[in-house]
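Peer 1: One structure is given below, represented as structure tokens, and several questions about it will come after.
Quick note: the coordinates plus some simple rules give every number you see, no bench work behind them. Remember, predicted model here, so these are calculated numbers, not experimental data. Positions of Cβ are generated from backbone atoms using ideal geometry, with glycine treated the same way; all protein chains shown enter the neighbour counts.
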Amino acid sequence: MSQTINPSGKQIVSVETDFLGRKLTLEVNRVGFRSSASVLARYGDTVVLGTAMVGKPIAGMDYFPLSIDYEEKFYAAGKISGSRFIKREGRPSDDAVLIGRLIDRPIRPLWPKGYRCEVQGIATVLSMDPAFRPDMIAMIATSAALMLTGAPFDGPVAGLRVGYNQEGKLEAFLPAEQLDEGALDLVVAGNKNGIMMVEAGASEVTEEQVVEALDWAFTAMQPAIALQEELVAKIGVTKQEYELDLPDQAIQDEVAKYLENKLGEDLHKPYPERNELIGVLRQEVLDHFAEKLGEDFDKSVYNDAFDMAVHKDVRKGIIEKGLRPDGRKLTEIRPLSSEVGFLPRAHGSSLFTRGVTQAMNIVTLAPTSYAQLVDTMEKNTERRYMHHYNAPGWTVGEVRRLGSPGRREIGHGYLAERALTAVLPTEAEFPYTIRSVTEIMSQNGSTSMAATCSSCLALMDAGVPLKAPVSGIAMGLMIEGDKPYVLSDIADAEDFAGDMDFKVTGTSKGITALQMDMKVHGLPVSVLKQALEQGRDGRAHILEHMLTTLAQPRAEMSPYAPRVESIQINPDKIREIIGKGGETIQKITAETGTEIDIKDDGTVMIASPDGAAIQAAKDWIASIVEEPEVGKIYKDRPVVSVLDFGAFVQILPGKDGLVHVSEISEERTEKVSDKLKEGDKVTVKLVAIDDRGRLQLSMKAAAKELADKK
């Protein structure tokens, strides 16, 4: 256990265990002497530093100030950033933000309500084994560091990223390429009691396959949880003393008593009518206690007590009567409406409304050269499909400054992007870069699923040949004792009062994306199975509605969308198309008005809204790469030089052949210059290519063959 003593005088302590075929080691006291706790986690060649800091309570804070971050370091992968201008790590990439959220989500619910000390967890990747992604080792390192602070964190947690190996069996720590190409990329996180978080991208897998993977992952992650507990026991962590900022029970009781006959079925109205009634009732409560206590009373405390009473009423209605806040049954979906093609200049557009939740989506198509370059610690690739999500403050009735997308916006956009990725056409089938932007118009629960549905409709409106349409639904859960109550299409108060937020997307065949977050301290797989099965029915209902709006992708694209066609050439000819210093390709694009993108494999993409321009560029390129063909007739080709014994004619760019004086016409030609001069356009036939590659042309043979065809 003890290896050496560091400069701080503390012994370096490590624990290790076999974890799915590799050694997992957790080590403390080697680095990070001044942090509240730091842990070096090693797995294969991956090394992640997990650090935790616990500060003092923040006065006036009405929420738990926890931040969890994930830091990519290019040096961990032996890379220097490919950006021409920025070599130092700066703003986290979207991938880093998403992994930070993955680590945060199973950790956040495991703190006591009312804890107000500032807590920060940071996972820094110091060395990355290219054989697998480092994110789950980062989760273990962060969890272990938080455990060692002595703060009231009800961990530890661990996570696994699971997929199908080449034999079709479930396996963790697969190579990134295998996960990308496989049918399932599933992240599961939990503690020893149950599952805390799930996120997945999939290629139409069944609910049964997901349940099997959840069960496998939960069992497989337990050694990592046990190892953290062993480390805590060996270190001998001192528990932190703290006070919880809990609501005043007397005020809670007082507000609840006042509301005793004012809640219940009288408020079970559709949104937004229910929200308006709640607003009126809230003001009535504040006015009542202002009259009783004076205008200087603490309104925030009574506001919180009012919210608590409403949440309890929501749970009571669902558990005792099976009645939801807006009067729906547990499996009932809010009213749906949708339309497509309402933005005249957009390449594709849609408006999807479910209850008071509304999402507008706009799809823009561009040549593949517009693909986003992705340069991160793990990746150096291109992204040809992007989904961006925006939700300004006015969509929830708030005044809020506009700014760059936050973690929530990035996360919601990514979930909707994964939902459609499995059904997108390949680049060969549809040679376009696709940007899908969801502008949320109104929020009242499950905007990421509205973004999924609106995105699907807009993609079909744009003529993107999806393999199958996709719908999405958000499910909720309330646990009372051992009995789960699963809610389809959660909205507003049900989200705040519930114990789980579960989003699932898919086609009629199977699931394409998943995201589950638990507010309770772990759920068994059996409960998640029930939610998945109920979600399948909800997805089918929503998909049925979507198909009444637009049954399949449009056969024709918008007249404002660029047309992209491709031709395949010999890769050895790429240099000829580009020309010296790019001279040739610049001339083609300038004269035809097209955009041209050439891949290393010889695929040439030509884009323009004008079909004639594309054809002109294709013909031009074809003429450059075309090889001389014996027996072929070349019409209207220029004479480039005239000599005593014949004339040279250019049949292809850079390809000249000789028309001997005897091959100019059937009649005897005494002097070549009497028949031909430079710049004349003539029709010739390639009759032979000699062993030195010289082209032998004949005007006489071409004329005879064309005459015979008439």
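Peer 1: With a point put 7 Å past each Cα toward its Cβ, work out how far Lys710 is from Asp644 in nm, to one decimal.
Peer 2: According to this spin-label approximation, the distance is 3.6 nm.
Peer 1: About its Cα centre, what dipole magnitude does the range 359-465 give when the only charges are +1 on Lys and Arg Cβ and -1 on Asp and Glu Cβ, stated in debye to the nearest 20? Could you put the intermediate results ahead of the total?
Peer 2: Details: 9 positive and 10 negative charges, 64 e Å.
In debye, rounded to 20, the range 359-465 gives about 300.
Peer 1: Separate question: Report the Cα centroid-to-centroid distance between the range 228-269 and the range 76-90 in angstrom, as an integer.
Peer 2: First find each Cα centre; the distance between them is then 46 Å.
Peer 1: Right, next: Going by C-beta contacts inside 10 Å, put Ser83, Ser350 in order with the fewest on the left. Write out the running numbers ahead of the final one.
Peer 2: Working: Ser83 11, Ser350 30.
Fewest-to-most Cβ neighbours within 10 Å comes out as Ser83, Ser350.
Peer 1: Sequence-distant or interchain residues sharing an amide H contact under 5 Å with Leu477, placed H: which?
Peer 2: Counting only residues 5 or more places away or on other chains, the set is Leu487, Asp499, Met500.
Peer 1: Turning to a different aspect of this structure: Once amide H atoms are placed 1.01 Å from N in the peptide plane, what residues at a sequence separation of 5 or more from Glu204, or on another chain, have their amide H within under 5 Å of its amide H?
Peer 2: Amide H to amide H, under 5 Å and 5 or more residues apart or across chains, Glu204 pairs with Ile511, Thr512.
Peer 1: May I ask you to order 139-150, 388-399 by the average number of other C-beta atoms within 10 Å around their residues, highest value first? List each step's numbers first, then the result.
Peer 2: Numbers: 139-150: 27.9, 388-399: 15.2.
Answer by packing, highest mean first, reads 139-150, 388-399.
Peer 1: So, by mean Cβ neighbours within 10 angstrom, what's the order for 594-607, 41-54 with the highest one leading? Walk me through the numbers on the way to the answer.
Peer 2: Working: 594-607: 18.9, 41-54: 22.6.
Highest-to-lowest ranking by the protection proxy: 41-54, 594-607.
Peer 1: Helix-only mean residue ellipticity at 222 nm, the chain, DSSP H runs n ≥ 4 weighted -39,500 (n - 2.57), per residue, nearest 500. What is it? It would help to have the intermediate numbers written out before the result.
Peer 2: Details: 17 runs with 221 residues, N = 710.
Mean residue ellipticity at 222 nm (helix-derived): -10000 deg cm²/dmol.
Peer 1: Tell me the net charge near Lys573. Cut-off is 11 Å between Cβ atoms, Lys573 excluded, with +1 for each Lys or Arg and -1 for each Asp or Glu.
Peer 2: Working: positive: Arg575; negative: Asp572, Glu576, Glu626, Glu627.
The answer is -3.
Peer 1: How far apart, in nm, are two points set 7 Å out from the Cα along the Cα-to-Cβ line at Val520 and at Asp154?
Peer 2: Taking the simple label geometry, Val520 and Asp154 are separated by 1.1 nm.
Peer 1: Continuing with the same structure: Quick one: of the DSSP bridges fully inside the chain, what percent are antiparallel, nearest 5? Kindly include the intermediate steps, with their values, before the conclusion.
Peer 2: Values: 124 of 139 bridges.
If I count the DSSP bridges inside the chain, around 90 percent turn out antiparallel.
Peer 1: Taking each pair of different alpha-carbon atoms in the chain once, compute 1/r for the pair, average those values, and report the inverse of that mean as the Kirkwood hydrodynamic radius in Å to one decimal. It would help to have the intermediate numbers written out before the result.
Peer 2: Values: mean 1/r = 0.0334 Å⁻¹.
Final number for the Kirkwood radius of the chain is 29.9 Å.
Peer 1: Taking other Cβ within 10 Å of each residue's Cβ, how do Ile440, Ile80 sort, fewest first?
Peer 2: Values: Ile440 24, Ile80 10.
The fewest-first ordering by Cβ neighbours comes to Ile80, Ile440.
Peer 1: Continuing with this model, one more query. Gain in length, Val374 to Lys79, computed as 0.36 nm per residue apart minus the alpha-carbon separation, to one decimal in nm? Walk me through the intermediate numbers first.
Peer 2: Values: separation 295, 0.36 × 295 = 106.20 nm, distance 1.37 nm.
Once the chain is fully extended between Val374 and Lys79, it gains 104.8 nm.
Peer 1: Rounded to the nearest 20 debye, what is the charge dipole size of the chain about its Cα centre when +1 sits on each Lys and Arg Cβ and -1 on each Asp and Glu Cβ?
Peer 2: Values: 82 positive and 105 negative charges, 255 e Å.
That gives a dipole near 1220 debye.
Peer 1: Let me ask something additional. Under a Cβ-only charge scheme (Lys and Arg +1, Asp and Glu -1), can you give me the dipole magnitude of the range 249-321 about the Cα centre, in debye to the nearest 20?
Peer 2: 380 debye
Peer 1: If you take every DSSP beta bridge fully contained in the range 563-625, what fraction is antiparallel? Give it as a percent rounded to 5.
Peer 2: Numbers: 10 of 10 bridges.
The answer is about 100 percent antiparallel.
Peer 1: Percent relative contact order of the chain, based on C-alpha pairs within less than 8 angstrom and at least six residues apart? It would help to have the intermediate numbers written out before the result.
Peer 2: Details: 1479 pairs, mean separation 70.2, N = 710.
So the answer I get is 10 percent.
Peer 1: Counting only other residues whose beta carbon sits under 14 Å from that of Gln249, what net charge do I get with K and R as +1, D and E as -1?
Peer 2: Numbers: positive: Lys113, Lys257, Lys312; negative: Asp245, Asp248, Asp253, Glu254, Asp304.
With Lys, Arg at +1 and Asp, Glu at -1, the neighbours total -2.
Peer 1: On to the next question. Could you state the number of Å between the C-alpha centres of the range 186-222 and the range 602-627?
Peer 2: Answer, in whole Å: 49.
Peer 1: Right, another one. May I ask for the distance between the Cα centers of the range 271-304 and the range 526-573, given as a whole number of Å?
Peer 2: 46 Å
Peer 1: Taking other Cβ within 10 Å of each residue's Cβ, how do Ser442, Ser38, Ser81, Ser455 sort, fewest first?
Peer 2: Numbers: Ser442 19, Ser38 24, Ser81 16, Ser455 29.
So the ranking, lowest neighbour count to highest, is Ser81, Ser442, Ser38, Ser455.
Peer 1: Taking the Cβ of Glu627 as the centre, find all other residues whose Cβ is under 14 Å away and add up their charges (Lys, Arg: +1; Asp, Glu: -1). Spell out each step's value before the answer.
Peer 2: On the way: positive: Lys573, Lys632, Lys655; negative: Asp572, Glu576, Glu626, Glu629.
Result for the neighbourhood of Glu627: -1.
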